[in-house]
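A short reminder: the numbers here are calculations on the coordinates, not readings from a lab. All figures in this text were calculated on a predicted structure; none of them were measured in a lab. Backbone-built Cβ (ideal geometry, glycine too); neighbour counts: all protein chains shown.
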Amino acid sequence: MKRNLLNISYLIDARQFQKILIMITLSFILVMSFGTAVLAERHEGRHRSPEWHYSRMPARGAFINRIPRTAYRINHGGNYYHYRNGLFYRPYNSGFVIVAPPIGLRVGFLPRGYLSFNIGGFPYYYYGGTYYIQREREYEVVAPPLGAIVESIPRGYEKIQVNGQTFYSFDGIQYKPILRDGEIWYEVIKSPNR
């Protein structure tokens, strides 16, 4: 039996062996890349778009006639804002418009469903495109830290294609989709000051 195996191994010369090894390696790479593409496609189909978590939230720039009665008024630098459930409103004509809050504005509480994470051992909070840090008993709006990873971005983002890769821009913040625990999340790669 051993003799037969040895004789078979001599039938395949070194060149043939190299070709077979290369074909096996290429087949493995092809199967692995196909599996990753299918995983990303399944996820994209499940969530349909980056704003899936905030799909019921009105987009920034939306005009409304009245703000919720439970919204509270905030004075920041001589400008008045109203805040309720993670949304910031400014008076506009005879109604209000939903706006991005300015850096430094403080609120007394975060909306239900906020995300918390640490960057460099420092705690941050995120909801609806706005990033916060805690200052004493309040939460202050801050520019997002580079490397922050969030599960969803609000409606109103811009989709950007660069060298075949998709990026997203919202309020001047640029995000790159990444795979995290089998799901697509969004990493801050550019964070301008507002």
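For a footprinting-style exposure proxy, rank 188, 162 by other Cβ within 10 Å, fewest first.
By the 10 Å Cβ count, ascending: 162, 188.
Using the Kirkwood formula on the Cα atoms of region 52-190, what hydrodynamic radius do you get, in angstrom to one decimal?
Hydrodynamic radius (Kirkwood, Cα only) of region 52-190 equals 16.0 Å.
Which whole number in µm²/s is D for region 116-190 by Stokes-Einstein, with the Kirkwood Rh taken over Cα pairs at 37 °C and 0.692 mPa s?
251 µm²/s
Answer with one residue from 154, 139, 192: the one whose Cα lies farthest towards the positive end of the charge dipole of region 125-194, charges on Cβ with Lys, Arg +1 and Asp, Glu -1.
192
Could you list 130, 70, 166 in order of exposure, starting from the residue whose Cβ has the fewest other Cβ atoms within 10 Å?
Values: 130 25, 70 7, 166 12.
The most exposed by this proxy come first: 70, 166, 130.
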